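Below is one structure, written out as structure tokens, with a few remarks after it.
The values are calculated or read from the model by the stated rules, or taken from the named source; none is laboratory data. Predicted model only: the values in this text are computed from it and were never measured. Every residue, glycine as well, gets a Cβ built from its backbone with ideal geometry; the counts of neighbours run over all protein chains shown.
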Amino acid sequence: MDIKTLAGRLRAQRLFLFSPDDVGLLFPGEIRSTRLLQLHQWAKKGWVRRLKRGLYELAYPEHAALPDLHIANRLYEPSYVSLDTALSHYQIIPETAAQVTSVTTKATRRLRNFHGLFSYFTVRPAAFIGYGVVHWQGCSVKLAEPEKALVDRLYAALRRGERLNIPEDRWDIGRIRKMKRRRLMDYAEAFGRAGLKERIHALLR
């Protein structure tokens, strides 16, 4: 296995972010320890970039301009983009670029690399719903629906003990009131958290 052949096969599969196991599927004859050593050496040369343990980005002959939302999905799995990032995408809150926010069933975590800061908020498995796959800048991205992004955000605020300040945060109440109310309530039900539905009702008045 050489870097040129690896790059060609990864690009053919559109695997710009990949794991050693992905490489193993492309080169089944390679010994795992040899793959890991080659990746380590190529990272030193700048041909691949290590985003975290077990996840690399192809940078040979040059790195692809990958959207942060796609990186967020792969960086910590399972996850989908939600909360402030999704609400900003739907123009419900002003644009924010400080970090990419996501929801996961794993432990709450923050990860930083040369792409920026990625934040993950934990929800129970029953509430890991309400998202779909969209095409974003040539990549697939798991993104919350508008209603689920809002409920995720309200739930996160409730768990953190934060009070809502709609005027100060500049939420677009007009867009919120156009959301599907039954869907909002169904998503709130999935959390099973007292007080969540009351916050939704307060927004919809």
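Only one of the numbered conditions (1) modelled with pLDDT under 95; (2) within 25 Å of the chain's Cα centre (by Cα); (3) of a type in the set (A, V, I, L, M) is not met by Val81, and that is (1).
Leu203 falls short on exactly one of the conditions (1) loosely packed, with under 11 Cβ neighbours inside 10 Å; (2) among the aliphatic types (A, V, I, L, M); (3) modelled with pLDDT under 95, and that condition is (1). Going by the conditions given, is Ala156 part of a helix (DSSP H, G or I) and either under 22 Å from Tyr80 (Cβ atoms) or aliphatic (A, V, I, L, M) (or both)? Yes, satisfied.
Any residue at all in segment 142-156 that's within 27 Å of Arg53 (Cα to Cα), surrounded by 14 or more Cβ atoms within 10 Å (Cβ to Cβ), in contact with a Lys or Arg (Cβ under 8 Å, 6 or more places away or on another chain) and of a type outside the set (Asp, Glu)? Within segment 142-156, not a single residue is within 27 Å of Arg53 (Cα to Cα), surrounded by 14 or more Cβ atoms within 10 Å (Cβ to Cβ), in contact with a Lys or Arg (Cβ under 8 Å, 6 or more places away or on another chain) and of a type outside the set (Asp, Glu).
When Pro67, Pro78 are screened for being in contact (Cβ under 8 Å) with a residue 60 or more places away in the chain and either in the same structural domain as His40 (by TED's automatic domain parsing) or out of contact with any helix residue (DSSP H, G or I) (no Cβ under 8 Å at 6 or more places or on another chain) (or both), only Pro67 passes. Take Leu83 and decide whether it is touching a residue at least 60 places away in the same chain (Cβ under 8 Å) and closer than 15 Å to Val141 by Cβ. Yes, satisfied. With respect to the stated conditions, Glu168 fails to be part of a loop (DSSP other than H, G, I, E, B), surrounded by fewer than 13 Cβ atoms within 10 Å (Cβ to Cβ), of a type outside the set (Lys, Arg) and free of Cβ contacts under 8 Å to residues at least 12 places away in the same chain.
If you take the residues in segment 55-89 that are of a type in the set (Ser, Thr, Tyr) and part of a helix (DSSP H, G or I), which one is surrounded by the fewest Cβ atoms within 10 Å (Cβ to Cβ)? The extreme case among them is Ser88. The set of residues from segment 117-139 being at pLDDT below 95 and surrounded by 13 or more Cβ atoms within 10 Å (Cβ to Cβ) comprises Trp136, Cys139.
Just to verify a result, which residue in segment 22-54, among those that are surrounded by 11 or more Cβ atoms within 10 Å (Cβ to Cβ) and among the charged types (D, E, K, R), is farthest from Leu69 (Cα to Cα)? Among them, the one singled out is Glu30.
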